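Working notes for the structure below.
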Protein chains: 2
Amino acid sequence: MAGNSTRPGQPVTARALALLSAFDVAHPRLTLSEMAQRAGLPLATAHRLAAELAAWRALDRDDEGGYRIGLRLWEVGLLAPVSSRLRETALPFLQELYESSRENVHLAVRDGFDALYVEKLSGHRSVPIVSRIGTRLPLHPTGVGKALLAHADPALVRAYCERPLPRFTRYTIAERGRLLRELELTRERGHAQTNEEMSLGSCSVAVPILQADGTPVAALGLVVHSTRAELPKLVPPLRAAATGIARRLAETGGDAFRPVERQT
Amino acid sequence: MAGNSTRPGQPVTARALALLSAFDVAHPRLTLSEMAQRAGLPLATAHRLAAELAAWRALDRDDEGGYRIGLRLWEVGLLAPVSSRLRETALPFLQELYESSRENVHLAVRDGFDALYVEKLSGHRSVPIVSRIGTRLPLHPTGVGKALLAHADPALVRAYCERPLPRFTRYTIAERGRLLRELELTRERGHAQTNEEMSLGSCSVAVPILQADGTPVAALGLVVHSTRAELPKLVPPLRAAATGIARRLAETGGDAFRPVERQT
């Protein structure tokens with residue numbers, strides 16, 4: 001990350017970005033020394049770069065000297081297609097799904113081997129769940145993840161299944177053969193289901209949002225209490241919403257989201 | 001921005017941030033030369049920095065060589081308190097407001113002299129309006145803006161009124177004295193109203209979300225068709241939601257949002 005003094009510009013940008021990378025959901029507020037340590041930078045370097053990032057409002061400081069991700073970084077981030085195109089186009093459809101179901105409504109994309117949650121609508125009465133916007137979860141134990149994986153390139157599915165499949169509950173499908181059969185079933189019936197595979201007490205149903213060429217741009221899911229689950233009933237409105245979103249995206253043109261495959 | 005070669009680190013970070021600043025709502029996709037031009041950087045510098053930003057996924061490239069704000073920048077931006085604290089806490093309350101009204105529901109903060117929209121929920125039947133997440137609008141012609149301005153520090157109100165007040169429709173209150181009386185009325189009755197002051201055909205009602213010390217952390221508003229407006233009816237549920245959000249924020253502690261005054 002740092003080093004490489006023969007190209008004097010590069011390390012500085014990389015170091016500034018390393019400071020931003022020091023923040024995550026578990027660490028939304030850091031002191032300067034925590035930032036420096038997590039970014040692997042000398043304190044003086046971190047101090048100087050943090051001041052520059054704060055001047056632009058990529059970081060904001062609080063009264064106690066802590067740093068948080070800044071308002072302007074949030075604002076610029078909203079311009080990413082996943083937010084400005086996909087999320088904005090999908091939102092009215094998510095609203096309608098929420099209104100008709102009063103359950104957790106999820107919109108997720110695949111990023112590498114993760115399901116990345118782009119939007120989540122839920123009310124006070126929805127089952128409490130782990131995901132929030134920006135959450136990353138594995139593909140195999142989540143409804144949206146299974147819908148995305150089932151429609152992904154076969155090479156990606158193979159690569160996914162070659163890695164260890166973590167088990168979250170005793171119901172998680174963590175065996176390669178079972179998962180492959182599950183994905184085939186998902187493709188055949190056109191929707192994914194999970195039954196307490198991520199969290200005990202909740203199950204989910206999800207459908208892909210398919211582009212004209214059959215590739216999934218995102219997936220749309222509902223997560224409900226397993227005790228009040230009538231999953232098949234939830235499929236038709238989900239499917240109608242997915243079709244509506246796909247059509248709106250096609251009409252308005254341009255990339256909504258495109259997975260970038262990472263070396264992991 | 002650039003220059004100052006005696007501090008070799010600084011200009012590089014500033015230049016990289018200038019590349020990100022080249023993007024806005026009207027320019028969500030830029031070619032390299034557009035980025036360089038808008039950032040005021042030589043093409044070679046822009047090329048090198050864009051590659052570094054793309055490696056971190058602060059920028060993502062499309063097949064045609066265009067750049068967009070990248071997925072990771074969006075993801076990191078979500079950690080800003082305005083999203084991770086304020087928006088997440090408020091969302092279930094916004095949902096309930098949307099369900100009971102089926103109108104546009106807005107959550108906004110004051111940033112300098114702007115109302116900055118942090119969340120907007122709307123369905124297919126809501127009146128189409130100009131705001132989206134991340135939109136900035138002036139304070140005086142918007143419901144949420146008026147609610148925020150009415151409870152702002154008197155020095156800020158004076159500074160706001162000393163600048164020209166742009167007029168958006170023939171109903172915009174763009175005279176200093178009238179605006180000050182309107183703000184007083186807003187404080188007295190505890191909610192703000194607008195009547196076609198931003199857009200013809202729509203009006204709004206809004207309340208501040210007040211912290212224990214009386215300072216507004218945000219404002220909550222509904223924007224409705226002026227023809228079907230029964231604004232007074234909308235106030236009690238809005239107020240209940242604002243109180244609920246304020247209480248949840250107080251319970252969960254820490255900054256949700258704090259305006260940073262900028263020199264403008």
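A:GLU184 to A:GLN211: extension gain in nm, 0.36 nm per residue of separation minus the Cα-Cα distance?
On the way: separation 27, 0.36 × 27 = 9.72 nm, distance 1.95 nm.
7.8 nm is the gain from fully extending A:GLU184 to A:GLN211.
Which GluC sites (Glu not before Pro) in the stretch B:161-264 pass both tests, a DSSP loop state and at most 10 other beta-carbon atoms within 10 Å? Spell out each step's value before the answer.
Working: sites: B:GLU162, B:GLU175, B:GLU182, B:GLU184, B:GLU188, B:GLU196, B:GLU197, B:GLU230, B:GLU251, B:GLU261; in loops: B:GLU175, B:GLU196, B:GLU197, B:GLU230, B:GLU261.
In loop regions of the stretch B:161-264 (DSSP not H, G, I, E or B), the sparsely surrounded GluC sites (Glu not before Pro) are B:GLU230.
Would you mind putting A:56-68, B:146-158 in packing order, based on average other-beta-carbon counts within 10 Å, highest first? Don't skip to the answer; put the middle values down first.
Values: A:56-68: 17.8, B:146-158: 19.8.
For the peptides A:56-68, B:146-158, the packing ranking is B:146-158, A:56-68.
What is the local net charge at B:GLU75, summed over the other residues whose Cβ is closer than 10 Å to its Cβ (Lys, Arg +1; Asp, Glu -1)?
Within the 10 Å Cβ shell, the charges total +1.
Could you work out the mean count of beta carbons from other protein chains within 10 Å of each residue's beta carbon in A:109-119? Mind showing how you got there, number by number?
Details: counts 1, 0, 4, 0, 0, 0, 0, 3, 1, 2, 0.
For this peptide, the per-residue mean of nearby foreign Cβ atoms is 1.
Put one equal scatterer on each alpha carbon of the stretch B:81-252, apply the Debye formula with no solvent term, and list log10 I(q)/I(0) at q = 0.09, 0.11, 0.12, 0.16 1/Å to two decimals.
Results for the stretch B:81-252 at q = 0.09, 0.11, 0.12, 0.16 Å⁻¹ read -0.26, -0.39, -0.47, -0.86.
Could you point to the residue in B:LEU94, B:PRO164, B:GLN193 farthest towards the positive end of the stretch B:63-214's charge dipole, with +1 and -1 charges on the Cβ of Lys/Arg and Asp/Glu respectively?
Projecting each Cα onto the dipole axis, the largest value belongs to B:PRO164.
What accessible area per residue comes out for the stretch A:81-252, rounded to a whole number of Å², with a 1.4 Å probe? Walk me through the intermediate numbers first.
Numbers: 6860 Å² over 172 residues.
That works out to 40 Å² for each residue.
Order these peptides, B:96-102, A:89-95, by their mean beta-carbon neighbour count within 10 angstrom, highest first.
Details: B:96-102: 18.3, A:89-95: 22.4.
Result, highest mean Cβ count within 10 Å first: A:89-95, B:96-102.
Buried accessible area between A and B (1.4 Å probe, both chains summed, ligands and nucleic acids excluded), in Å² to the nearest 100?
Working: alone 14100 and 14070 Å², together 22320 Å².
The summed interface area works out to 5900 Å².
Give, to the nearest whole percent, the P(r) tail of the stretch A:9-76 beyond 13 angstrom, counting all Cα pairs.
On the way: 1355 of 2278 pairs.
Here the long-distance tail beyond 13 Å is 59 percent of all Cα pairs in the stretch A:9-76.
How large, in percent, is the carbon and sulfur part of the accessible surface of chain A at a probe radius of 1.4 Å?
Numbers: 5900 of 11170 Å².
Carbon plus sulfur share of accessible area: 53 percent.
Identify, for chain B, the residue whose C-beta comes nearest the rotation axis onto chain A, and round that distance to whole Å.
With distances in whole Å, chain B gives B:GLY77, 1.
Tell me the distances, shortest first, between B:ALA159 and the same position across the other copies, using label points 7 Å along Cα→Cβ, in nm to one decimal.
Counterpart label points of B:ALA159 in the remaining copies fall at 5.1 nm.
Mind checking the mean number of beta-carbon atoms from other chains within 10 Å of the Cβ atoms in B:80-89?
Numbers: counts 15, 9, 7, 9, 9, 2, 0, 3, 3, 0.
If you average over the peptide's residues, the count of other-chain Cβ atoms is 6.
Quick check: net charge around A:ALA22, other residues with Cβ under 13 Å of its Cβ, Lys/Arg +1 and Asp/Glu -1?
Values: positive: A:ARG15, A:ARG29, A:ARG38, A:ARG68; negative: A:ASP24, A:GLU34.
Once positives and negatives cancel, what remains is +2.
Divide the volume of the convex hull of the Cα atoms of the protein assembly as shown by its number of residues and quote the answer in cubic angstrom per residue.
Numbers: hull volume 86.1 nm³, N = 528.
So the per-residue hull volume is 163 Å³.
Distances from B:PRO237 to the same residue in each other copy, label points 7 Å out along Cα→Cβ, in nm, shortest first?
1.7
What's the local net charge at B:THR13, with K and R +1, D and E -1, over the other residues with C-beta under 10 Å away?
Here the count lands on +2.
Using the crude model of +1 on Lys and Arg Cβ and -1 on Asp and Glu Cβ, and no other charge, please compute the dipole size for the protein assembly as shown relative to its Cα centre, in debye to 20.
Numbers: 68 positive and 56 negative charges, 29 e Å.
I would put it at about 140 debye.
Between rounded, prolate and oblate, where does the stretch B:139-225 land on the alpha carbon gyration tensor, with a ≥ b ≥ c its root eigenvalues, rounded for a/c under 1.5, else prolate if a/b exceeds b/c?
Values: a/c = 2.07, a/b = 1.19, b/c = 1.74.
Oblate, because a/c is 1.5 or more while a/b does not exceed b/c.
Select from the stretch A:180-264 those trypsin sites (Lys or Arg not before Pro) which occupy a DSSP coil region and have at most 15 other Cβ atoms within 10 Å, ordered by residue number.
Working: sites: A:ARG181, A:ARG187, A:ARG189, A:ARG228, A:LYS233, A:ARG239, A:ARG247, A:ARG248, A:ARG262; in loops: A:ARG262.
For trypsin sites (Lys or Arg not before Pro) across the stretch A:180-264 that sit outside H, G, I, E and B with at most 15 neighbouring Cβ atoms in 10 Å, the list reads A:ARG262.
Would you mind checking A:LYS233/B:LYS120; A:LYS146/B:LYS120; A:LYS120/A:LYS233; A:LYS120/B:LYS233 for any pair whose Cα atoms are more than 26 angstrom apart?
Values: A:LYS233/B:LYS120 29 Å; A:LYS146/B:LYS120 29 Å; A:LYS120/A:LYS233 20 Å; A:LYS120/B:LYS233 29 Å.
Over 26 Å apart, Cα to Cα: A:LYS233/B:LYS120; A:LYS146/B:LYS120; A:LYS120/B:LYS233.
Distances from B:THR31 to the same position in the other copies: list them in nm, one decimal, shortest first, using label points 7 Å from Cα along Cα→Cβ.
Computed spacing set for this position: 5.1 nm.
Residue by residue through A:63-74, how many Cβ atoms from other chains fall within 10 Å of the Cβ on average?
Details: counts 2, 1, 0, 2, 0, 9, 9, 6, 13, 7, 10, 16.
Taking the mean over all residues of the peptide, I get 6.
Mind ordering A:22-33, A:200-211 by average Cβ neighbours within 10 Å, highest first?
Working: A:22-33: 15.2, A:200-211: 22.7.
Descending packing order for the listed peptides: A:200-211, A:22-33.
I need to check one value: relative contact order of chain A, counting alpha carbon pairs closer than 8 Å and at least 6 residues apart, in percent.
15
At 7 Å along Cα-to-Cβ for each site, give me the label-to-label distance between B:VAL25 and A:ARG170 in nm.
If labels sit at B:VAL25 and A:ARG170, their model points lie 5.3 nm apart.
The values are calculated or read from the model by the stated rules, or taken from the named source; none is laboratory data. These numbers come from a predicted model, not from an experiment. Note that each Cβ is placed from the backbone with ideal geometry, even for glycine, and that neighbours are counted across all protein chains shown. Surface areas here come from the heavy atoms of the whole protein model, side chains and all, with no ligands, DNA or RNA. Shrake-Rupley method; radii C 1.70, N 1.55, O 1.52, S 1.80 Å.
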